[in-house]
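See below for the structure under consideration.
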Amino acid sequence: MIWKGARAERALRRVRDRPELPLTTFDPSEVVEQMRIERVPEVTAPVPCFIGDISPLACILYDDQGSGTVLIHSLLNDPQTPLAVMKLIATHELLHLVARPEIIEGKSISHPPAFRELERERCPEKLEAWTWIWEELGWYLSIDRDSESTYVRRGWREIPRRVQA
Ligand SMILES: [Zn+2]
């Protein structure tokens, strides 16, 4: 999702000043860079990526000059998070720099048909990744259909992680 506004800017500064070290089996920043080069070459400069306790599950912030920053929620900062999930998120967020929001029937749509088309073409793991997200993290999440966004519930740290069989 595209995150904008004063709250997003504050979160960006907070997370950028004190980023979490990755506990994942991969480095999210490296996955973002790899996906940029392999899947979203329209984005010509590296896009920084930080992990922190934000409100969306993942998002990109960008300015009018087009330079963006990807933020990943701390909930995903876990050794169990599959690489496929990070690849999907990285590609999805980078594609926001390519397929910008469109006004459709008077409403700004951040995932217009052109965006979904690119996502279908370039994210072969989309179904696998979302299946894992819903099965493993579903009870931490809330969807805002109006803004087409996935948020992590407040108090998520208090919700116990499902024990792996
Ligand atoms: Zn999005």
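Every number here is computed from the coordinates shown, using simple stated rules; none is lab data. Keep in mind the model is a prediction, meaning the values are calculated, not measured. Don't worry about glycine lacking a Cβ; one is built from the backbone with ideal geometry, like all the others, and counts go over all protein chains shown.
Laid out as a table, the results:
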{"read-out": "With 10 Å bins from 0: P(r) over region 32-125, alpha-carbon pairs, percent", "value": "16, 48, 32, 5, 0"}
{"read-out": "The chain, helix-only ellipticity at 222 nm - DSSP H runs n ≥ 4, -39,500 (n - 2.57), divided by all residues, nearest 500", "value": "-11000 deg cm²/dmol"}
{"read-out": "Cα-based Rg of region 8-165 normalised by 2.2 N^0.38 Å, two decimals", "value": "1.01"}
{"read-out": "Gained length - residue 100 relative to residue 128, 0.36 nm times residue gap less alpha-carbon distance", "value": "7.6 nm"}
{"read-out": "Fewest-first ranking of 145, 13, 153, 36, using other Cβ atoms within 10 Å as the exposure measure", "value": "145, 13, 153, 36"}
{"read-out": "Reach of residue 126 by Cα under 21 Å, taken over lysines that are not fewer than 8 positions away in the same chain", "value": "87"}
{"read-out": "Between 0 and 90°, nearest 10: helix 113-122 axis offset from the chain longest Cα axis", "value": "60"}
{"read-out": "Separation of alpha-carbon centers, region 91-163 and region 1-60, rounded to whole Å", "value": "14"}
{"read-out": "Cβ-Cβ FRET estimate between residue 14 and residue 116, R0 fixed at 45 Å, reported to 0.05", "value": "0.90"}
{"read-out": "Helix 126-137 axis, angle to the chain major axis (alpha carbon atoms, nearest 10°)", "value": "40"}
{"read-out": "Relative contact order (%) - the chain, alpha-carbon pairs under 8 angstrom, separation at least six", "value": "22"}
